[in-house]
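Written below as structure tokens is the structure these notes are about.
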Amino acid sequence: MRIPITGIGVIAPGAIGIEAFRALLASGQSAVADVDRFDTTGLSAHQAALVLDFKPKEFIPVMKMRRMNALSRLGVAAAKLAIADCGGSLLPETGVAIGTAFGPVQTSVEYMQEYVEKGAALAPPQLFAESVANAPGSHIAIEWGLRGFNVTITQRESSALAAAMYAATQLAKGTVRAALIGGVEEANEMLFSVLDRIGALAHNGTPGMILGEGGAVLVAGAGTRKPYGWLAGFGIARDTTAPISDWGHDEKSVVTAMQAALDDAEVTEVDAIFVSANGAPRGDEVEARAIQARFGDAVPLVPTKQVFGEYAAGGALQIAAALVALDEGRYRNVLVNSISAGGGIVCAVLSREAA
Amino acid sequence: MRIPDLNTRIAVTGAGIVCSIGRSKAEVWRAIVESRAGIAKLTRFEGETFPTDIAAEADVELPRGKRLSRTDLLAVLAAKEALEQAGDIPLDRAVVSTGTSTGGLLEGEDYYFQRLIRGRRRAPASRVLQQPTSGPSDAVAQAFKLGGGVISNATACASAGAAIGMAADYLRSRHADVAIAGGSDALCRLTYSGFNVLQAVDPEPCSPFGANRKGITLGEGAAYLVLERWDDAVARGATILAELSGYGASCDAHHPTAPAEDGRGAEAAMRGALSEGGLTPAAVDYVNAHGTGTALNDAAETRAIIAALGTDVPASSSKSYFGHTLGASGAIEAVVTVLALQNQLAPPTLRLREPAPECPLDYIPDTPRPMALANVLSNTFGFGGSNVSLLFRRA
């Protein structure tokens, strides 16, 4: 069984809406730029892939918007674009699965600032309500009356792909008629400075990742648009050599997950691999060795994170990029890899064909 | 994509638990049998002042772990008990699926405070690195060298229920051969303060379904189940504790924090679990209710139980023992539900002196009740109206 994706909504670094996103990918340009949203003085890294021209008011009524944190705004706006893009409406029997690597860090920070300033009894309840990672998924369900499953997955770099795996499984099972699959992430000062502090961010020629952000939602199992592509198979594994917050070195575990996705999709080869590689040396190396071991040099590799950064829309922009490539007829079957710090691995095969 | 095979039965072959009433299944069950709650003065946050001052703290010596949060360590402790009971499982095909609402927020808060005092350049980052909600799954997988994948579910208080259901699906679709599925959450200042500002904390130990209930008691803890395909468990000679025969998941689509008053989402989750388990409502012998002690939840959940199952089924809230353990609650109460099936004894609702008029069911007041339990539901609901109901069957 394969799951059709008929709508894509993106609030991406450098692109709002699927056509702008398509153009960004085609241009070969990057949305990475110097950070001016917050002060990076004294830090090593100064660049990120930020969403700069998003105006939530264009998507969400002001009264509702005031009750949403930045992640919820990204999620609801991306869902609105995705539903419009799919050319249909959603039944109440629709599930929601959202991925986010770090979730509402900024909301927690703001809450604790109020806690310190005003006291534990007088911090704003509104901030507390938005301090849960599943707030974006909840707002999406409320906005469109979606009463199917509603889950939020937080598995670092693999968050959105793991959310897609769960939603696809529910559609295959038949517990819902349709699903919204997506991810949200916010690049804030706290996250940026901590990643910088541990040397995870690229700077001054030192390899590392670029922090991304954004929101992306895919419509699965509903709508009238010709599908961008189908979710065809998934594989999961874990690199047992990985420390708690870094990548390991066991490429066999990555091969296991990639092969499991191929087997689940009932394909033996793919035409391209949308790689997990994000500039972090250990993660990039273990993936490169795994691809070499399973596919040799034969399959083109498509890196995307130099365009919109790591964690972009909780990882969902990588999936959206693969779907755009399928939609444009460039490939028949592609593999999408996500290898997380901590050792988690989720791989998916996306296909241009329904069977 | 392989479709999860609903004819594949899921066996529970291990269970581990830590919460305010015990550090193991044996301790927890003894407290339940003795109707002994674990709710006392809050001691965790010295120097902080909150409008209420009681909690269900887990009094436990945690294993040492570099870069691991309290939530991570509680998870490792509970998973250890579950894995030891399960015995010889294929570690390389074992997936870890954990629900947590706050992850290492307790340690993140320490960092926030340090930053406010010392500035971002001088505050040590080691604490905040323990904050991600992926921590408990990663920590358990690392501690026991599990290679089948890690999934973290952060769906507020429904997290662990969703994590357990998800794990069952991945066994049924053969993405993994074993699942260590559960949840973990440590008390932290943000949630303790947050539920207080929502005026959702009872100043006295919570009294779910009671006329004078004023809210939750915040708790902490962790629990895990080891799940396997039934035939695999039988083939390796494992002792099967219970069967996870289905689950249902739904969303109220109503409000960011309040449940739908008509209980429609909770009802849909219970109906979903029955449908997956191929059961009629009359076959359910007992409901381990979400039963938080808030005015809204207990009334809405009661309506949902009546709508889905009728008025004859007894339901109780184990939260009257160990409080609301947030993202861990679905797992902690799943373990209690499995113990209830094994012992043929339904846990009671403590302190239910006067049931509320809007709560007309049999909530098993005060003392455990010996019952013939074949099929039981365990409910877990969360912020955002996310609902999960797990259906267990006696092995």
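Just so you know, all these numbers are worked out from the coordinates, no wet-lab data involved. Note that the structure is a prediction, hence the values are computed from the model and not measured. Here Cβ is always computed from backbone atoms with ideal geometry, including for glycine, and neighbour counts include all displayed protein chains.
Residues whose amide H falls under 5 Å from that of residue B:263, counting only those 5 or more places apart or on a different chain, are absent, with hydrogens built in the peptide plane.
Any idea how many Lys pairs in chain A come in under 18 angstrom at the alpha carbon, given 8 or more places apart or on separate chains? Close lysine pairs under the 18 Å cut-off: 4. Full extension of the chain between residue A:259 and residue A:37 gives 75.8 nm of extra length, using 0.36 nm per residue less the Cα-Cα distance.
Relative contact order of chain A, taken over Cα pairs closer than 8 Å and 6 or more residues apart, is 25 percent.
Peptide A:157-170 shows a mean partner chain C-beta count of 4 within 10 Å per residue C-beta. Please label the shape of the stretch B:143-216 as rounded, prolate or oblate, based on the square roots a ≥ b ≥ c of the eigenvalues of the alpha-carbon gyration tensor (a/c under 1.5 means rounded; beyond that, a/b larger than b/c means prolate, else oblate). In terms of gyration-tensor shape, prolate. Karplus-based coupling profile of the stretch B:358-369, in residue order and whole Hz: 7, 10, x, 7, 7, 9, 6, x, 6, 10, x, 10, with θ = phi - 60° in 6.51 cos²θ - 1.76 cosθ + 1.60 and x standing for Gly or Pro.
With the Cα gyration tensor of the stretch B:264-343 giving a ≥ b ≥ c as the square roots of its eigenvalues, does the rule (a/c under 1.5 for rounded; else a/b larger than b/c for prolate; else oblate) give rounded, prolate or oblate?
It comes out oblate by the Cα gyration axes.
Note on residue A:121 and residue B:235: with the Förster distance fixed at 41 Å, the Cβ-Cβ geometry gives a FRET efficiency of about 0.15. Per-residue ellipticity at 222 nm from helix content only, as computed over the protein assembly as shown with -39500 (n - 2.57) for each DSSP H run of at least four residues, stands at -10500 deg cm²/dmol. Considering only Cα atoms, the convex hull volume of chain B works out to 128 Å³ per residue. Working note: Karplus 6.51/-1.76/1.60 with θ = phi - 60° gives the stretch B:297-306 the couplings 4, 5, 6, 5, 5, 4, 4, 5, 5, 4 Hz, where Gly and Pro are set to x. Which whole-angstrom value gives the distance between the alpha carbon centres of the stretch B:311-357 and the stretch A:211-253? Using only Cα atoms to place each centre, the spacing works out to 37 Å.
Each residue of the stretch B:41-46 was assigned a 3J(HN,Hα) from its phi angle through the Karplus curve 6.51 cos²θ - 1.76 cosθ + 1.60 (θ = phi - 60°); the sequence is 4, 5, 10, 5, 10, 4 Hz, with glycine and proline shown as x. Farthest toward the positive end of the dipole of chain A, out of A:175, A:348, A:81, is the Cα of A:175, where the dipole comes from beta carbon charges about the Cα centre. Using the average count of surrounding beta-carbon atoms within 10 Å as a protection proxy, the listed peptides B:61-72, B:325-336, A:287-298 rank, highest first, as B:325-336, B:61-72, A:287-298.
What are the trypsin sites (Lys or Arg not before Pro) within the stretch B:287-395 that DSSP puts in a loop, where the Cβ has at most 14 other Cβ atoms within 10 Å? Counting only loop positions with at most 14 other Cβ atoms within 10 Å, the trypsin sites (Lys or Arg not before Pro) in the stretch B:287-395 are B:353. Calculated translational diffusion coefficient of the stretch A:102-244 (10 °C, 1.306 mPa s; Stokes-Einstein with Kirkwood radius over alpha-carbon pairs) equals 89 µm²/s.
Calculation over all alpha carbon pairs of the protein assembly as shown in 20 angstrom steps from 0 returns a P(r) of 20, 56, 23, 1 percent. The relative contact order of chain B comes to 23 percent, based on Cα pairs under 8 Å that sit 6 or more residues apart.
Oblate is the label for chain A, because a/c, from the alpha-carbon gyration tensor with a ≥ b ≥ c as root eigenvalues, is 1.5 or above and a/b does not exceed b/c.
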